[in-house]
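S.K.: Please read through the structure below; I'll follow up with questions.
The values are calculated or read from the model by the stated rules, or taken from the named source; none is laboratory data. Note that the structure is predicted; figures quoted are calculated from it, not measured. Heads up, the Cβs are rebuilt from the backbone with ideal geometry, glycines too, and the neighbour counts pull from every protein chain shown. SASA here: full protein model, heavy atoms, side chains in, ligands and nucleic acids out. Shrake-Rupley method; radii C 1.70, N 1.55, O 1.52, S 1.80 Å.
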Amino acid sequence: MAIIGVKKLKTVVDTAVAEVEITDVHTHLYAPCFGDLLLWGVDELLTYHYLVAEVFKWIDMPYHDFWNMSKEEQADLIWKTLFLDNSPYSEACRGVLTVLNRLGLNMANRDLNACRKFFSQKNMEDYVDQVFELSRVKEVVMTNDPFDDDERRVWLESYKADPRFKAALRIDPLLNTWDRVWMKLKEWGYHVEEELNPTTLKEIRRFLSDWANRMQAVYMAVSLPPTFAFPEDSSRAIIIEECVLPVCRELKIPLAMMIGVKKLVNPGLVLAGDSVGKSSIETVEYLCANFPYNKFMVTMLSRENQHELCVVARKFRNLMVFGCWWFLNNPSLIDEMTRMRFELLGVSVIPQHSDARVLDQLIYKWAHSRRIIADVLFDKYKDLMETGWKLEETDIRRDVEKLFSRNFWDFVNKKL
Ligand code: RAT
Ligand code: ZN
């Protein structure tokens with residue numbers, strides 16, 4: 001047995017975490033066959049909606065004037081406001097600089113146009129390879145919305161599988177705006193009416209199976225408001241119970257629920273205009289308890305829900321907690337949440353996902369999270385060693401591999 005001493009522990013943990021090949025369970029990235037839907041490069045990085053929200057803290061311009069600017073003009077304004085007129089230490093700003101740094105760009109002279117030149121010489125396909133290599137991500141799960149016309153066209157006409165990009169069937173419109181989308185299903189040949197009668201429910205099931213199979217979806221996913229309740233007398237609850245859960249069961253895939261987003265509290269900010277609210281943990285508890293043959297992946301947006309979510313995950317083997325979502329994806333909160341999760345759940349959690357919308361973000365989101373998770377792990381192993389427990393490098397590599405990849409696949413493939 002190659003037992004590790006406490007002196008070597010730091011190096012062993014850091015190396016294991018730095019080297020592990022990641023399965024990123026939730027992103028908004030697209031495989032190359034989706035063309036322009038896959039965003040990349042410095043102008044996309046700078047106009048990420050996390051930065052758009054920050055720039056409007058400083059500028060007085062009407063929202064629509066900003067949205068009428070070209071992408072490059074928006075990026076120039078964000079660069080000037082958030083990087084030159086202020087120090088860019090917010091997590092979203094720092095992220096851009098981590099990416100440029102890891103790509104070998106020297107930003108000491110703060111020259112944005114030099115960066116643009118660097119990216120203009122790249123070709124998308126090669127750049128995808130480079131980013132996957134640099135971030136040591138082996139595969140990502142996309143967010144695939146059959147209600148998005150541009151995306152839908154690719155699935156129906158020109159999709160070309162790339163093993164690095166797995167699909168997740170995203171069903172927000174179906175669950176959150178049935179009164180508007182039932183007409184679309186009808187147009188696409190499903191025999192539905194607005195009223196959720198037996199034929200309509202059967203046809204919604206057919207729609208879900210068709211798309212999950214077409215995409216080879218590894219799970220179904222939905223983002224939900226803080227008011228999400230179940231059971232409830234609403235079209236959402238009926239569709240979940242009668243369609244989503246049965247189809248997930250039949251296909252043996254999890255339903256990922258991302259709970260706690262208050263949509264468009266400031267509509268002028270568009271994608272950057274959503275906020276957060278505390279949600280009901282009882283809803284998660286009820287679903288896990290009453291649908292034991294369904295698997296649920298859950299992440300919640302408010303910090304206040306994190307502890308109770310861990311507790312519920314201790315009670316139900318059909319619940320997998322994942323990621324530090326969106327406003328929680330900041331170093332201080334990742335650190336706090338990861339500690340709590342490791343203390344309450346041991347190795348049985350998916351500590352992080354990237355939520356990358358721009359390919360290059362894989363580089364920073366994972367560099368930043370790896371650092372924090374490694375530090376937390378080190379503390380936990382050190383505490384363990386103080387009990388006299390002996391650790392081998394293989395133990396640590398096994399745990400790290402589970403946290404960053406295998407727990408997800410084991411859960412997806414788990415039979416209940
Ligand atoms: O983090 C984000 O980019 C959000 O805008 C959302 O996309 C969120 O992650 C979601 O998947 O709904
Ligand atoms: Zn997302």
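S.K.: Measuring from a point 7 Å past the Cα of ARG398 along Cα-to-C-beta, which residues in the range 1-41 have an amide N at less than 13 Å?
M.R.: 2
S.K.: Calculate what fraction, in whole %, of the accessible area of the chain sits on carbon and sulfur atoms when a 1.4 Å probe is rolled over the protein chains.
M.R.: 50 percent
S.K.: Moving on to the next point. Please report, in debye to the nearest 20, how large the charge dipole of the chain is about its Cα centre when each Lys and Arg carries +1 at its beta carbon and each Asp and Glu carries -1 there.
M.R.: Dipole of the chain, to the nearest 20 debye: 1220 debye.
S.K.: Name the aspartates and glutamates eligible as straight-distance cross-link partners of LYS71: C-alpha to C-alpha under 18 Å, and not fewer than 8 places from it in the same chain.
M.R.: Those aspartates and glutamates meeting the cut-off are ASP36, ASP43, GLU44, GLU54, ASP111, ASP360.
S.K.: Something else now. Based on the Cβ-Cβ distance from GLU195 to TYR63, what FRET efficiency comes out when R0 is 41 Å, to the nearest 0.05?
M.R.: 0.60
S.K.: At 7 Å along Cα-to-Cβ for each site, give me the label-to-label distance between GLU73 and GLU157 in nm.
M.R.: Each label point is offset 7 Å from its Cα along the Cβ direction, giving 3.1 nm.
S.K.: Would you mind working out the accessible area per residue for the chain, using a 1.4 Å probe, and quoting it in Å²?
M.R.: Ligands and nucleic acids excluded, the figure is 45 Å² per residue.
S.K.: Per-residue HN-Hα couplings for the range 142-148, Karplus 6.51 cos²θ - 1.76 cosθ + 1.60 at θ = phi - 60°, whole Hz, x for Gly and Pro?
M.R.: Karplus-based 3J(HN,Hα) across the range 142-148 equals 7, 10, 10, 10, x, 8, 8 Hz.
S.K.: Set the bar at 28 Å for Cα to Cα. Now go through LYS166/LYS414; LYS122/LYS263; LYS138/LYS315; LYS382/LYS414; LYS80/LYS365; LYS166/LYS402 and name every pair that lies beyond it.
M.R.: LYS122/LYS263; LYS138/LYS315; LYS382/LYS414
S.K.: For every helix of n ≥ 4 consecutive DSSP H residues, a contribution of -39,500 (n - 2.57) applies; sum these over the chain, divide by its total residues, and give [θ] at 222 nm rounded to the nearest 500 deg cm²/dmol.
M.R.: Only helices count here, giving -14500 deg cm²/dmol.
S.K.: Provide the per-residue ³J(HN,Hα) series for the range 10-16, in order, calculated from phi with Karplus coefficients 6.51, -1.76, 1.60 and θ = phi - 60°, each as a whole number of Hz, with x at glycine and proline positions.
M.R.: Couplings: 4, 5, 5, 5, 4, 5, 4 Hz.
S.K.: Taking the alpha-carbon centroid of each part, what is the distance from the range 169-201 to the range 203-231 in angstrom?
M.R.: For the range 169-201 versus the range 203-231, the Cα centre distance is 12 Å.
S.K.: Report the gain in length on full extension from LYS315 to THR15: 0.36 nm times residue separation, minus Cα-Cα distance, nm rounded to one decimal.
M.R.: Gain on stretching LYS315 to THR15: 104.7 nm.
S.K.: Near LYS415, which aspartates and glutamates are there with a Cα under 12 Å away, not counting those fewer than 8 places off in the same chain?
M.R.: Of all the aspartates and glutamates, those that pass the test against LYS415 - Cα under 12 Å, at least 8 places apart if same chain - are GLU250.
S.K.: To continue, here is another question. For LYS186, go through the lysines and keep the ones whose alpha-carbon is under 25 Å away, minus same-chain ones fewer than eight residues off.
M.R.: LYS202
S.K.: Further, regarding this structure: List, in order, the whole-Hz ³J(HN,Hα) value for each residue of the range 171-180 obtained from phi through the Karplus relation with A = 6.51, B = -1.76, C = 1.60 and θ = phi - 60°; use x for Gly and Pro.
M.R.: 10, 3, x, 4, 8, 9, 9, 4, 4, 9
S.K.: Okay, next question. For LYS184, what accessible area in Å² do you get when you roll a 1.4 Å probe over the heavy atoms of the protein chains, rounding to the nearest 10?
M.R.: Roughly 60 Å² of LYS184 is accessible to a 1.4 Å probe.
S.K.: A further question on this structure: VAL276's amide H: which non-local residues (gap 5+, or another chain) put their own amide H closer than 5 Å, with H modeled 1.01 Å from N in plane and none for Pro or chain starts?
M.R.: The list, which skips near neighbours in sequence, is LYS262.
S.K.: Let me ask something additional. Of the chymotrypsin sites (Phe, Trp or Tyr not before Pro) in the range 28-123, which ones lie in a loop per DSSP and count no more than 14 other C-beta atoms within 10 Å?
M.R.: Here the chymotrypsin sites (Phe, Trp or Tyr not before Pro) that fit, given the DSSP loop and packing criteria, are TRP58, TYR89.
S.K.: Right, next: Between ASP379 and ARG303, how many nm apart are label points set 7 Å from Cα along the C-beta direction?
M.R.: Computed distance between label sites ASP379 and ARG303 equals 1.5 nm.
S.K.: Quote to one decimal, in nm, the extra length available between LEU333 and LYS117 on full extension: 0.36 nm per residue of separation minus the C-alpha distance between them.
M.R.: 74.2 nm
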